[in-house]
Structures are given as structure tokens and as C-alpha cells.
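Asker: One structure coming up, written as C-alpha cells, with questions to follow.
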Amino acid sequence: MCTMICEQANMTGSGKGTEGWFPLEQANVFYDHPFHAPWEYGVNIDFVNKSMGVGSRVSVELSPESAKLLAETIIKALEKGEKDPQIKISVLD
Amino acid sequence: MYTTDQFEGMIANTTTIKGYNGDEINAYFARPEGPGPFPAIVVIHHLPGWDELYREFTRKFAHHGYLAISPDLYSREGKGTPEDVAAAVRAEGGVSDDQCMGDLQASAEFILSLPNSNGKVGTFGTCSGGRHAFLAGCKLDIFDAIVECWGGNVIMNSSQLTEKQPKSPNEFTSQLNAPLLGLFGDLDQSPTPDQVNQHESELKSANKNYEFHRYPEAGHGFMYYDRPIYHQSSSVDAWQKVFTFLEKNIS
């Protein structure tokens, strides 16, 4: 079945879709059937901008192990970057 | 049974029907050439969307002599590739059961109104479409045969209920008003074999006309030849059971 498990978060950033770069609005993280990856269930992540239409989507389909590793890796990179006094991140809206 | 001396022809194209709430929705309509009368089938796509697989399934039914229509249940969510549309629908928790039932009713009415219909219509669905097929057999009285393939979430626990899917379909079992064919893989994680047992036991208790077939070596989506889960011998047998069941009930 389709689990319908979906966690969502608002996002600030850019994604590169089939028609080039676009501003991101939201991340949808599913634990459900993938479209392409060859397993029954996986972690499917869509970065989307709903206001730009359904095609404004950057998608990855990961095994659960890969998804955990990605989450840990993102945290590691963040911790390194945030500890470095020479790096200042600013977001221009 | 097809023989090589038969003339065979088919027309298949996209059409528009008025669905739930009078909304215009797209539908893929495949039908055999000829005066008929032909039995009809409403083909309910799965959560991955109104995709190529479902167009092929729709043509397969037409090839076997059915007026076959597959409504785009995600028609209202925007246009794009089937995957992009389905991803948007999935992010919104799917479509509502009421909306889906309205679209299926409209599809059946459309196809029954055709001059070459034999006046009988069945429905076929897999995964979320299997759930919708069972629900349609209980909540609508237009269908004469129901094919539920590994209906996911036919049995839902309270934490799975939402505004769009407010009741577990098995609660409507006593209202089932057409013969039901259920096809399941024993390796499926959902519905699990225990859930299929419960589903069957409820049908039996309610004295319903049903037949279940379970394939020990098959998992979820075992008839999807475009997925690694495809299981050839189970799928071939399941298709035979589908056409035998439909011939018995709506031909």
C-alpha cells in the first residue's frame, strides 16, 4: 500500500529542476513507494515550489540507510561550518 | 479466446468527463471497434498516478473486448508529468474518498451511456486503486463486479484516518453490493497476510459474494512489469483470474 507518511518543512534555497534553477519553498519527505528506485519502500525527498507548478520539483529516492547517512552528513557539515569563525552565512531575501 | 482469423481494432484516446462536483476531468478511454454490445470497466490508477502503466492496463482491457475508461483522479491537482502530479497529490495526503467515489460514479455513467455498452460495468484497481475499487463496491451501487488487487489501507487504524479518508473501508463491508475478486501477494507488507485474513473473514461473516486468490511468492505490486517486484507466474495467473471473473459477471 501507499503509506501516506509525509513530513514537510518550509525551505529557503534553490533547486535545479528539469527547466533550470528555481527558488525552493518546501521539502516533502516521504516514507513510501519510490517511483524509480528498485525497492518497495524508501525515503523519497521532494524539494518543491508549489506556487510554480507541480513540475518545480527536485526529487531523490533513497534507501532508509542512505537517508540516515545523508541526515548525519548534513549535520556534520553544518557543525563544521558553524564552528568556523571565518564563515558567515547570510540570506538575502 | 483470440484466434488469428479475427479482425481486431481499437480506438484509444483522452476524453473529458464531468466528475465529482461537476468538475471536468480527463479520462483515458480505450474501446474495441465494432457495434458491441461490450461490457465496460472503470480502471482505477494507483498512487503513482495516471501513468503509462495504467494506460497500458486500460488498452489491455479494450483488447479483451471491454469498453475501458481510466479517469485521471488527480486531474484537479495541476498538469505535468504523472510523477510530478502524483508527488504533489501525495504531499497533500492523497485525494478524498468522496471526490474519488464521485469520479468513479461519473466514469461508470459515461461508459454505460454509450450505445455499444451491454449495460454492465465492473471496476479494477491496484494498491490505492484496489482500496478505491473495494470502497466503490460498497458505497456506490453502479458496479456489477469489483476487482481489488492488493488494496492498501482497506483496513486502517485510527491513527491513519484523515479528513480525506475519514473511515476505514472495511467498515463498509456489509454494504458491498457486487461480486468481489481479491488478488494478493503473501509477501506484501501492506496489506499484510493478517490484514487479508481479516478482510476475508469480514466478507465471509457478512455473507458476501467474493473470491480471494493469494500468491505465496508474490509481493506488493506483483503485476507491475515495470518494477523489480514483478512476479511473472503470479501475474499471468492473476490476469487470467481477472478476465474469467469479469466474463462470468459482466459479459
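The values are calculated or read from the model by the stated rules, or taken from the named source; none is laboratory data. Please read all numbers here as calculations on a predicted model, not as lab measurements. A quick note on method: Cβ atoms are made from the backbone with ideal geometry, for glycine too, and the neighbour counts reach across all protein chains shown. Heavy atoms of the whole protein, side chains included, go into the accessibility calculation; ligands, DNA and RNA do not. Shrake-Rupley method; radii C 1.70, N 1.55, O 1.52, S 1.80 Å.
Asker: Evaluate the charge dipole of region A:5-83 about its Cα centre and quote only its size in Debye, nearest 20, assuming +1 on the Cβ of each Lys and Arg and -1 on the Cβ of each Asp and Glu.
Answerer: For region A:5-83, the charge dipole is close to 280 debye.
Asker: Using a 7 Å offset from the Cα along the Cα-to-Cβ direction at both A:Glu19 and B:Glu211, what is the distance between the two label points in nm, to one decimal?
Answerer: For the pair A:Glu19/B:Glu211, the computed spacing is 5.0 nm.
Asker: Do any residues of region A:50-64 show a loss of at least 50 square angstrom of accessible area between the isolated chain and the full protein assembly, using a 1.4 Å probe, and if so which?
Answerer: Buried by 50 Å² or more upon assembly, which counts only protein chains, are A:Val54, A:Arg57.
Asker: What quantity of accessible surface, computed with a 1.4 Å probe and excluding non-protein components, is buried in total between chains B and A, in Å² to the nearest 100?
Answerer: Chains B and A together bury approximately 2000 Å².
Asker: Could you state, as a whole-number percent, how many of the C-alpha pairs of chain A are farther apart than 22 Å?
Answerer: 39 percent
Asker: Please work out the C-alpha center-to-center distance from region B:7-38 to region B:83-124 and express it in whole Å.
Answerer: Cα centres, region B:7-38 to region B:83-124: 12 Å.
Asker: Just give the residues from region A:1-37 buried by at least 40 square angstrom of accessible area in the all-chains context relative to the isolated chain, probe 1.4 Å, and say none if nothing qualifies.
Answerer: Buried by the other chains: A:Met1, A:Cys2, A:Met4, A:Phe30, A:His33, A:Phe35.
Asker: Considering only protein heavy atoms and a 1.4 Å probe, what is the carbon-and-sulfur percentage of the accessible area of region B:118-182?
Answerer: Reported share for carbon and sulfur atoms: 45 percent.
Asker: Between beta-carbons, use under 15 Å as the cut-off and find the net charge around B:Phe29, counting Lys and Arg +1, Asp and Glu -1.
Answerer: With Lys, Arg at +1 and Asp, Glu at -1, the neighbours total -1.
Asker: Hey, can you find the accessible area per residue of region A:5-83 for me, probe 1.4 Å, expressed in square angstrom?
Answerer: Ligands and nucleic acids excluded, the result is 63 Å² per residue.
Asker: Shifting gears a bit: Is it possible to state the helix-based mean residue ellipticity at 222 nm for chain A, with each DSSP H run of 4+ residues giving -39500 (n - 2.57), the sum divided by total residues, to the nearest 500 deg cm²/dmol? What is it?
Answerer: So the calculated ellipticity at 222 nm is -7500 deg cm²/dmol.
Asker: Please work out the ratio of the alpha-carbon Rg of region B:10-250 to 2.2 N^0.38 Å and round it to two decimals.
Answerer: Dividing the Cα radius of gyration by 2.2 N^0.38 Å gives 0.93.
Asker: Please tell me the relative contact order of region B:131-251 in percent, rounded to the nearest whole number, where contacts are Cα pairs under 8 Å and at least six residues apart.
Answerer: That works out to 24 percent.
Asker: Can you tell me the length gained on complete extension of the stretch B:Trp239 to B:Asp141, counting 0.36 nm per residue apart and subtracting the Cα distance?
Answerer: Gain on stretching B:Trp239 to B:Asp141: 32.8 nm.
Asker: Kindly identify residues of region B:78-110 having a loss of at least 40 Å² in accessible area between the isolated chain and the assembly of all protein chains, probe radius 1.4 Å.
Answerer: The answer is B:Glu83, B:Asp84, B:Ala87, B:Arg90, B:Ala91.
Asker: Which net charge results when you count Lys and Arg as +1 and Asp and Glu as -1 among the other residues whose beta-carbon is under 9 Å from that of B:Gly185?
Answerer: -2
Asker: Let me ask something else. Please state the charge dipole magnitude for region B:1-141, taken about the Cα centre, from unit charges on C-beta atoms (+1 on K and R, -1 on D and E), reported in debye and rounded to the nearest 20.
Answerer: 240 debye
Asker: OK, next. Quick one: work out Rg over Rh on the C-alpha atoms of region B:115-251, Rh as Kirkwood radius.
Answerer: Expressed as Rg/Rh, it is 0.96.
Asker: Can you compute the charge dipole magnitude of the protein assembly as shown about its Cα centre, using +1 on each Lys and Arg Cβ and -1 on each Asp and Glu Cβ, nothing else charged? Give it in debye, rounded to the nearest 20.
Answerer: 160 debye
Asker: Follow-up question, since we're still on this one. Give the relative contact order (percent, whole number) for chain B; include only Cα pairs under 8 Å separated by 6+ residues.
Answerer: Reported as a whole number, the value is 16 percent.
Asker: Let me make sure I get this right: for the protein assembly as shown, a, b and c are the square roots of the gyration tensor eigenvalues over alpha carbons, sorted descending. Under 1.5 in a/c it's rounded, otherwise prolate if a/b > b/c, else oblate. Which is it?
Answerer: prolate
Asker: Sticking with this structure for a sec: Please give the FRET efficiency for B:Thr162 paired with B:Lys204, using the beta carbon to beta carbon distance and R0 = 30 Å, rounded to the nearest 0.05.
Answerer: Given R0 = 30 Å and the Cβ-Cβ separation, E is 0.55.
Asker: Then there is this: Go ahead and estimate [θ] at 222 nm for chain B from helices alone: -39,500 (n - 2.57) per DSSP H run with n ≥ 4, summed, over the residue count, rounded to 500.
Answerer: The helix-only estimate for chain B comes to -10500 deg cm²/dmol at 222 nm.
Asker: Percent of accessible area on chain A owned by carbon and sulfur, 1.4 Å probe?
Answerer: 59 percent
Asker: Can you give the local net charge around A:Thr73? Use residues other than it whose beta-carbon is closer than 13 angstrom to its beta-carbon, Lys and Arg +1, Asp and Glu -1.
Answerer: 0
Asker: Compute the distance in nm between two label points, each set 7 Å from the Cα along the Cα-to-Cβ direction, one at B:Thr3 and one at A:Lys76.
Answerer: Rounded to a tenth, the inter-label distance reads 7.0 nm.
Asker: A further question follows. With a Förster radius of 25 Å, plug the Cβ-Cβ distance of B:Thr14 and A:Met11 into 1/(1 + (r/R0)^6) and report the FRET value to the nearest 0.05.
Answerer: Calculated transfer efficiency: 0.10.
Asker: Return the subset of B:Lys167/B:Lys208; A:Lys50/B:Lys139; B:Lys79/B:Lys164; A:Lys68/B:Lys164; B:Lys60/B:Lys204; B:Lys120/B:Lys241 for which the Cα-Cα distance in this structure is over 23 Å, preserving the input order.
Answerer: Exceeds cut-off: A:Lys50/B:Lys139; A:Lys68/B:Lys164; B:Lys60/B:Lys204.
Asker: Here's another thing I want to ask about it. Of A:Gly53, A:Val29, A:Ile5, whose Cα points farthest to the positive end of the dipole of region A:5-83 (charges on the beta-carbon: +1 Lys, Arg; -1 Asp, Glu; origin at the Cα centre)?
Answerer: Going by the Cα projections, it comes out as A:Gly53.
Asker: Now a separate question. Per residue, how much accessible surface does region B:1-62 expose to a 1.4 Å probe? Answer in Å², no decimals.
Answerer: 50 Å²
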